[in-house]
Amino acid sequence: MKYILPAVLFLLLSCNKQSLSGSKNTETYTTALSQADKAYESDNYKLAAEKYTTVLEVDSLNAEALYRRAFSKAKLDDFESAAKDYHKVAKLGYRLADCYYNLGIIYMIPFQNLEKAHYYFQKCYELNPTVDNKGLMELAEEELIKAKKSDS
């Protein structure tokens, strides 16, 4: 019995310490998210990408933060990282049409991979059949046909 009280006190103190560090993570997360959103909305994409990275270290499934980091990376011409993030966002099932549209742009222009660009524009159009999305899908298809003809 005399050993139970110290053990219970030890457990209570341990739990309290963990609770405080969890509180600090929540504070850091909330602050970073607020700073990231402000930077993003003011077109400060470098700071936004950094702060969204901090947010994602705490909550790797925050799809909006991941999407906004992808957009920020694309604005900074870091298309490799942007494409990776857009793929992750799409796997989460978030803003699929937007992800596919942006992947189509990345694969068409900086990566010059017309097959993948067409694929992503087509997926975008299937989810959001607008005139603009159809036009991009058709443009990618035309460019793909031209490229295949010139290779022959």
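Looking at Glu80, Glu126, Glu141 in this structure, which one is surrounded by fewer than 21 Cβ atoms within 10 Å (Cβ to Cβ) and either of a type in the set (Lys, Arg) or at pLDDT below 95 (or both)? After applying the criteria, what remains is Glu141. Within the stretch 68-79, one or more residues are in a helix (DSSP H, G or I), farther than 30 Å from Glu142 by Cα and outside the structural domain of Glu142 (by TED's automatic domain parsing). Applying the criterion of being polar (S, T, N, Q) and in contact (Cβ under 8 Å) with a residue 24 or more places away in the chain to the residues of the stretch 78-136, the residue that is nearest to Leu66 (Cα to Cα) is Asn102. Scanning the stretch 43-57 for residues that are over 18 Å from Thr30 (Cβ atoms) and hydroxyl-bearing (Ser, Thr, Tyr) returns a single hit, Tyr45.
The values are calculated or read from the model by the stated rules, or taken from the named source; none is laboratory data. No experiment lies behind these values; they were computed from the predicted model shown. Every residue, glycine among them, receives a Cβ derived from its backbone with ideal geometry; neighbour counts consider all protein chains shown.
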